[in-house]
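Values quoted throughout were computed directly from the atomic coordinates according to the rules given, and no laboratory measurement underlies them. This structure is a prediction, so every number in the text was calculated from the model and none was measured. Note that we place each Cβ from the backbone using ideal geometry, even for glycine, and neighbour counts take in every protein chain shown.
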Amino acid sequence: MTADLFNDAERRMQKAVEALKQDLGSIRTGRANAALLERITVDYYGTPTPINQVATISIPEARLLVIQPWEKKILTDIEKAIQKSDLGIMGR
């Protein structure tokens, strides 16, 4: 019985740690971080899909994120999703 309680507590703590890691990764610190885009989804063939699953995200400079979609037709959808997000980042 106590083993079950310990296992349940450990599982819940692991989930809490993972959630904290995600939250801390999305904090804006002045440096570009691909984790900022993890919560933004794009309508991809009728399914909301995270940007990192439809494009390659690279960070060539400290304040620059480069998003290269795998299909050119989804580029405008990615731009719209970023503009609608509350991140306050701008595209070119």
*Cβ under 12 Å from A16's Cβ, A16 left aside: what net charge do those residues give with Lys, Arg +1 and Asp, Glu -1?*
+1
*Kindly state, to the nearest 0.05, the FRET efficiency for M1 paired with L24, given R0 = 30 Å and r defined as their beta-carbon distance.*
0.30
*Quick one: which of 35-41, 66-72, 4-10 comes out on top by average Cβ neighbours within 10 Å, and what's the full order, highest first?*
35-41, 66-72, 4-10
